[in-house]
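Data first, discussion second: the structure below is written as C-alpha cells.
The values are calculated or read from the model by the stated rules, or taken from the named source; none is laboratory data. Just so we're clear, the structure is a prediction, and the values are computed from it rather than from any experiment. Because the Cβ atoms are built from the backbone with ideal geometry, glycine has one as well, and the counts that use them run over all protein chains shown.
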Protein chains: 2
Amino acid sequence: MKRKVRFVSATMRDVKNKTGLSLATISKYLNGGNVLPENKILIEKAIEELHYEVNEIARGLVKNKTRMVGIMVHDIECYFSGKLLHYIGEELRKCGYAAIICDSYNDEKIEAENLKFLVSRRVDGIIVIPVCMRAGFLKPAKQAKIPIVLMDRSFQDEEFDCVGIDNRVAAYRAVRILLEHNHRDIAVISSDVEYTGVERIKGYEDAMRQAGLEIQEEYIKKGRHSTEVGYEKMKELLASPNRPTAVLLGNYDTMLGGVLAVNESEFSCPEDISLIGFDTLMITGVVSPSWYMVVQPMEKMCKKAVELMLNRIERKGDEAPVKMYFGTTIQKGESVRTIESDGLHTMTAPI
Amino acid sequence: MKRKVRFVSATMRDVKNKTGLSLATISKYLNGGNVLPENKILIEKAIEELHYEVNEIARGLVKNKTRMVGIMVHDIECYFSGKLLHYIGEELRKCGYAAIICDSYNDEKIEAENLKFLVSRRVDGIIVIPVCMRAGFLKPAKQAKIPIVLMDRSFQDEEFDCVGIDNRVAAYRAVRILLEHNHRDIAVISSDVEYTGVERIKGYEDAMRQAGLEIQEEYIKKGRHSTEVGYEKMKELLASPNRPTAVLLGNYDTMLGGVLAVNESEFSCPEDISLIGFDTLMITGVVSPSWYMVVQPMEKMCKKAVELMLNRIERKGDEAPVKMYFGTTIQKGESVRTIESDGLHTMTAPI
DNA sequence: TTTCATTTACGAAACGTTTTGTTCTTTTCC
DNA sequence: GGAAAAGAACAAAACGTTTCGTAAATGAAA
C-alpha cells in the first residue's frame, strides 16, 4: 500500500512509526491521558522531531466539533465592535478556538444570511451582537442546536444567554450626574432602532421623571448610533431656541459626532453645553475638555461571554438562559460643568 | 451494524439510501459532475427533503483544504481595518470561504503568535495587514506552503503578493494640492513605525524638495497612526513659534485627532490652518469644514486581494509575487484654503 | 451484428483523528 | 505465591467526504 507522497505536515501515523506505539496510545497522550513515563518521553521526542501538530480538521470530524465560534457584530466599523472583537478573539484563541467574524452591517437581511453561513460552517457556537430586536433569524442555529450567547443587547421576544450592562440604569445614572450638576434642560441623543439606545432613552426618562422634570419630546433625538447622527442631532439641539444645557449621548460614536458639532459651533463645551457619553477610548481622556463617560467593563464582559459560550459548548445542557449584567463605572471628565444654582429651579423631588 | 443515533444533520449516506444511488455518484453531482437527468432529479429531491448540506469538515479532511482564510489586521480598532474587514469578509463569504480574523494589536509578538495560530488551524491562505516591516514572522506559513497576500503594506526584505496604493505618490499629490493653494509652511504628521507612514513621509519630502522648499525637521511629526498621536502632534504644531499653515495627516485616525486638537485650540480650520488627510468615512463630508482627503478605492482593493488569494489557493503555482497599486482619488473639501499670494514667496521650481 | 469508445455508476480505499472493547502487564493484598 | 484489581497498550471501527480503478450501459462506427 503506497502512501501518496505529499510534503505536508506529519501525522499521528508518523509518530506511531517513529515510536513503535499504537495510534490509540498517542491519541491518549495528546488528550492528556496516562502514558508510561518512558513512552511519554518517546512520544514527545517524536513530536518534537517531526514538528507534529494535531490536525484539528480530522479531530473535528470524529468529535463533531470544529473548535470555531462565530461572532456576528452589528457593525464592524463601530468603535464598540472593534474593542469587543479584540477581547473576544483573544480570549477564544487562548482556549484554542478560532473566531469567525461576520459583519451584519446594520442590516437585518445580511444578519440572517450571516447566521445561515455560520450554521453551514458548523461552528460550535455563535456570539451575537444583534441588529434585529427579535430573535427570529436565529432559528437555523437553534435547529442545529448551536448555542448562542448575546452581547450588549437582548431580544424582546425570546431569551438567550446574554452579557451586557443594564443600559437603562446606566443612562439613569448618567442623567443623575447631570442633575447633580444642577442641569435641568437635559437632552438625549440615542438610538430608537437599537436595543441599547431604546433602553438608554428609558433610563433618561426615568431620571427626568424622578427629578420631577417634564420630558420634552424635542429633547429626545433619535437615530441610529453613529458619528453622523451624533453630529446632525447635536446641530439641531444647538440651533434650537431652547437649547439644552446638557446632553446625554447614546454611545461612543454618537459622542464623537456630538463633540465635532459643538466644536464647530459658536458654543463651547462645557461652558455652554455639558456632554456625557458612553464607553471609552484612549482619546476620551486626552482631548480637552476630557469626556465624562459611563464606561462598561469591556474586557470582563468579553471574558464572561466566552466563558458562557464554552460552558454551553462543553455540556450541551438545556439549562435556562442566564443573563449577566455588569456594573458600569463613571469616568469623570471636564465635559460637564456645574451650573450655579440661581434659585429659580427647585427640585420637586430629591435627586 | 448499528449506527449511533444522533439527531444531527443528514449525511451523504442518507441521500444514498433515499435515492438508491452510490456515494460516488452523489459526490459527483455535488461537485458539478455529470449525472443522468433522472438521477439528478432524484438526488435533488432527496437533498431537499433531508435538508442535506455537505459537511465542509469531512470534505476538508480528504481534500486537505479548509475553505478558511485567515486575516491578520494590524489593529482592529482602526477605522481602516474596519472597512477592510467588512469588504474582505463579504467577498470571501460570497466565494464560500470563511474568514478567521486576528488582531495583532500593533504588537509584533502578538502578530507572530497569530500567524502560528492560523497555520495550526490550517487555513488555506492568509491576508495580512502587517505590523512588522520585515517578513520574518511569516516563516511558518511559508513552510506550510500557505499563500500570503499583503494589503496596504509591503516589507522591506521580501516580496509577496500585495495590493495597496502607492503611498509615496499619494502623499506627494496631497502636498502638491497644498502647494497649489499657495501653502509653503507645510507640516506632516505620520507614522515612522508603519510602512504606509514611512512612505507617506517620503512623498511629503519629494513634493517639498521638488518645490524647492526646505525640509524642516520640526515640521515632520512622527508617531504611530492613531487618534491620540494626531491630537498630540497637532497640539505641538499649533504651539510652535513658526506654526505651519497646512498639515498633511498620515491616516484617518490621525486626521480625526488633528481636527479635535484644532477645534479646541484658539485657531480654526481652514482660516489659520489647512488640513488634508487620508481615507474617508461618512463623517468626512458631513462635518464643517468638510475634510479634504486622499481616498483609496477600498472595495476594489479588497476584491482584488481576495481574487489574488483565491487564485493562489486554486493553482498553487510558484509564480512570482504580483504587486498591485491602485490609484487614489482626491475628495475635495473645505479644510484647505487658498493663501493669497503676498509676493514674498517665490517658487524656485514650478509646482 | 460486432467492436470500440464514451458516458455513467459503483465499491472500496483513502483522509487523520478518537473511541471502544479487549488483551497484556504490573501492582496490591491476603 | 496466587488471585484480584488496576493500569497501559492495542487493533479495529468509526466520522463524512472524495477519488481511484473498474464495471456496466449506452452510442457510434465498421
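For the reader, a short list of remarks on this structure follows.
- Which numbered condition residue B:94 fails, given (1) under 28 Å from residue A:140 (Cβ atoms); (2) among the charged types (D, E, K, R); (3) more than 15 Å from DNA strand D (Cβ to nearest atom); (4) buried (at least 19 other Cβ atoms within 10 Å of the Cβ): (4)
- Residues that are within 14 Å of another protein chain (Cβ to nearest Cβ), at negative phi and of a type in the set (Gly, Ala, Ser) are absent from region A:197-211.
- Just so you know, in region A:61-82 the residues that are within 16 Å of DNA strand D (Cβ to nearest atom) and not aliphatic (A, V, I, L, M) include one that is farthest from residue A:116 (Cα to Cα), and it is A:63.
- Some residue of region B:4-12 being away from DNA strand C (no atom under 15 Å from the Cβ) and buried (at least 16 other Cβ atoms within 10 Å of the Cβ): yes
- Filter result for residue B:29 (within 39 Å of the chain's Cα centre (by Cα), over 27 Å from residue B:295 (Cβ atoms), within 16 Å of DNA strand D (Cβ to nearest atom) and in the same structural domain as residue B:111 (by TED's automatic domain parsing)): no
For (1) in contact (Cβ under 8 Å) with a residue 12 or more places away in the chain; (2) in the same structural domain as residue A:21 (by TED's automatic domain parsing); (3) small (Gly, Ala, Ser); (4) closer than 30 Å to residue A:109 by Cα, each residue gets a yes or a no:
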| position | (1), (2), (3), (4) |
| --- | --- |
| A:44 | no, yes, no, no |
| A:49 | yes, yes, no, no |
| A:59 | no, no, no, no |
| A:72 | yes, no, no, yes |
| A:76 | yes, no, no, yes |
| A:83 | yes, no, no, yes |
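- Taking region B:148-157 as the range and being farther than 21 Å from residue B:191 by Cβ and either outside any strand (DSSP E or B) or in contact (Cβ under 8 Å) with a residue 40 or more places away in the chain (or both) as the test, only B:149 passes.
- Residue within region A:281-293 that is outside any helix (DSSP H, G or I), away from every other protein chain (no Cβ under 14 Å) and either of a type in the set (Gly, Ala, Ser) or within 30 Å of residue A:145 (Cα to Cα) (or both) present: no
- Only one entry in B:77, B:44, B:48 is exposed (fewer than 12 other Cβ atoms within 10 Å of the Cβ) and of a type outside the set (A, V, I, L, M, F, W, C), namely B:48.
- Members of region A:10-36 that are among the basic types (Lys, Arg) and within 12 Å of residue A:54 (Cα to Cα): A:13
- Those strands (runs of 3 or more DSSP E) lying entirely in region A:180-256 with at least 3 residues out of contact with any Ser or Thr (no Cβ under 8 Å at 6 or more places or on another chain) and surrounded by fewer than 22 Cβ atoms within 10 Å (Cβ to Cβ): none
- Count - residues of region B:19-64 that are closer than 30 Å to residue B:125 by Cβ and either among the hydroxyl-bearing types (Ser, Thr, Tyr) or near DNA strand C (Cβ under 6 Å from one of its atoms) (or both): 7
- Test: residue in region A:58-71 that is at positive phi and more than 32 Å from the chain's Cα centre (by Cα): no
- Test set (1) under 30 Å from residue A:152 (Cβ atoms); (2) within 12 Å of DNA strand C (Cβ to nearest atom) - residue A:91 fails condition number: (2)
- Selection of helices (runs of 4 or more DSSP H) fully inside region B:38-147 by the criterion of at least 3 residues being within 11 Å of chain A (Cβ to nearest Cβ) returns B:56-63, B:79-94, B:108-120.
- The criterion of being within 24 Å of residue A:140 (Cα to Cα) and at pLDDT 95 or above holds for residue A:111.
- Looking across region B:65-87, just one residue is among the basic types (Lys, Arg) and more than 16 Å from DNA strand C (Cβ to nearest atom), and that is B:83.
- Candidate set from region B:257-295 (those that are touching a helix residue (DSSP H, G or I) at 6+ places or on another chain (Cβ under 8 Å) and of a type in the set (S, T, N, Q)); member that is surrounded by the fewest Cβ atoms within 10 Å (Cβ to Cβ): B:268
- Complete set of residues in region B:112-130 that are without any contact (Cβ under 8 Å) to a residue 40 or more places away in the chain and touching a Phe, Trp or Tyr at 6+ places or on another chain (Cβ under 6 Å): B:112
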